[in-house]
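See below for the structure under consideration.
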Amino acid sequence: MDLGAITKYSALHAKPNGLILQYGTAGFRTKAEHLDHVMFRMGLLAVLRSKQTKSTIGVMVTASHNPEEDNGVKLVDPLGEMLAPSWEEHATCLANAEEQDMQRVLIDISEKEAVNLQQDAFVVIGRDTRPSSEKLSQSVIDGVTVLGGQFHGMEIKSNERCCSFDGDADRIVYYYHDADGHFHLIDGDKIATLISSFLKELLVEIGESLNIGVVQTAYANGSSTRYLEEVMKVPVYCTKTGVKHLHHKAQEFDIGVYFEANGHGTALFSTAVEMKIKQSAEQLEDKKRKAAKMLENIIDLFNQAAGDAISDMLVIEAILALKGLTVQQWDALYTDLPNRQLKVQVADRRVISTTDAERQAVTPPGLQEAINDLVKKYKLSRAFVRPSGTEDVVRVYAEADSQESADHLAHEVSLAVF
Ligand code: NG1
Ligand code: ZN
């Protein structure tokens, strides 16, 4: 250990006197302005843990769903699991050591854990997009490098296909940056489009005419609905927000594909269809047999109990590979209409009630008429309001032919909600 360098860098990330933090369930979490020293020290600790385990250690800088001004950090052990409990204690000791005691605590930990300081160390650092996260993850990097560890800053190369899951892995989205640096999101609507068109093509190949339907919510982009109905000739149904509503509707079809724009979704196959496809895979010849076999395998990939980001990803990756599609070609199936979502805080969100799969407001009186008048002012426009089922807010959605129009419309509709 280069104690001189550690002292020098630690002073640049000095601990506010008397501040005590605890490594809890989610690591350290508090207001971002109190975390600089913690980040630096977790960088140091990650190196020690990496040297001890002779493996890569993860450091994640985020406060998840907590308010934007908060931040946090947690360490991840080599197999992706939570940090070992004894190291959680070390983390707390190190984070709370006053500046003059920090080095001693660091040495104590490496002695107690018999860390071979000559061992190489490798740390992978991740962060969210909070305004404070870039600087705080730089503090982690300072900690890692001062102890001679190597680190990896995840970087997305242009046109590279990426996908993300949410925390409980029941939502998936794809995305990429194009050569001009523009971010392209491929949401649940485009996933439903890819999956349903692939399934439809296989059915045509097999020579089966089964009824296939796509289930969406009011949040589905208007372009996706139009593309599915007019180009793909697949019937589209709209239900209330929430997967339980989509799931039940999808059960009404031989093959029901359902996705919320935010990435919750899967495909359901009736028992009769599964049997029929199995038989076809055994009895048919050549190309038809091959297509039936492929469909049989794809059915197995889906998790039909619930939307499952991992199996959705495997299905999507299989389809892209089989069709030889790049993420850009997939994205180009249709262009999303510019849209805007807003939240409005009202005294009692229950004064708004809706009908027609939440696309029309029934109460308060006059609200729907006001929305209709606003929508008329814009091209390719649509807007609706609904009380959230998960937050104490009213959600406003608007789409139109330009981002400016969608923003204006959403703003005007949110004023009408008051
Ligand atoms: P609410 O808060 O009812 O809009 C949100 C999402 C739903 C779903 C649930 C949680 C939007 C607009 N709404 O519901 O799609 O994901 O949370 O399961 O994304
Ligand atoms: Zn989830």
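Distance from the alpha carbon centroid of segment 37-91 to that of segment 378-397 works out to 38 angstrom. Within the listed set Q118, Q52, Q216, the Gaussian network model of the chain (springs between alpha-carbon atoms below 10 Å) gives the highest mean-square fluctuation for Q118.
Only helical runs count toward this figure. For the chain, summing -39,500 (n - 2.57) over DSSP H runs of n ≥ 4 and dividing by all residues gives -13000 deg cm²/dmol at 222 nm. Projecting the Cα positions of Y175, V144, L228 onto the charge dipole of segment 93-235 (unit charges on Cβ atoms of Lys, Arg, Asp and Glu, taken about the Cα centre) puts L228 furthest along the positive direction. Only beta bridges with both residues in the chain are counted; by DSSP, about 70 percent of them are antiparallel. In terms of surrounding Cβ atoms within a 10 Å radius of their Cβ, L325, L367 rank from fewest to most as L325, L367.
Annotation: the antiparallel percentage among DSSP beta bridges lying fully within segment 186-331 is about 40. Check each of the trypsin sites (Lys or Arg not before Pro) in segment 232-297 and keep only those in coil by DSSP with at most 13 other C-beta atoms within 10 angstrom; list them in order. Within segment 232-297, the qualifying trypsin sites (Lys or Arg not before Pro) (loop, at most 13 other Cβ atoms within 10 Å) are K233. The loop-placed trypsin sites (Lys or Arg not before Pro) in segment 366-395, going by DSSP, that have at most 14 neighbouring Cβ atoms within 10 Å of their Cβ come out as K377, K379.
Within the listed set K343, K190, K135, the Gaussian network model of the chain (springs between alpha-carbon atoms below 10 Å) gives the highest mean-square fluctuation for K135. Volume per residue for segment 186-331 equals 97 cubic angstrom (convex hull of Cα atoms).
Computed over neighbours whose Cβ is under 11 Å from that of H184, the net charge equals -3, Lys and Arg +1, Asp and Glu -1. Contact order, relative form, for segment 3-153: 35 percent (alpha carbon pairs under 8 Å, 6 or more residues apart, mean separation divided by residue count). Taking the Cα centre of the chain as origin and assigning +1 to Lys and Arg Cβ atoms and -1 to Asp and Glu Cβ atoms, the resulting dipole is close to 440 debye.
Residue farthest toward the positive end of the dipole of segment 327-418, with Cβ of Lys/Arg at +1 and Asp/Glu at -1: which of Q360, Y397, L333? It is Q360, whose Cα lies furthest towards the positive end. Entry note, segment 186-331: relative contact order of 25 percent, from Cα contacts under 8 Å with a spacing of 6+ residues. Distance between Cα centroids, segment 205-238 to segment 305-320: provide it in whole Å. Rounded to whole Å, the Cα centres lie 19 Å apart. Which pairs break 26 Å Cα to Cα here: K276/K323; K240/K343; K287/K323; K15/K54; K54/K74; K157/K343? In this structure, K15/K54; K157/K343 exceed 26 Å between Cα atoms. Taking L268, L185, L75 as the candidate residues, the one with maximal mean-square fluctuation in a Gaussian network model of the chain, Cα springs under 10 Å, is L75. Taking Cβ atoms as reference points and 9 Å as the exclusive limit, the residues near V327 contribute a net charge of -1, counting Lys and Arg as +1 and Asp and Glu as -1.
Where a number appears in this text, it was derived from the coordinates with a stated rule and is not lab data. Treat the numbers as computed from the prediction; the structure is a model and nothing was measured. Every residue, glycine as well, gets a Cβ built from its backbone with ideal geometry; the counts of neighbours run over all protein chains shown.
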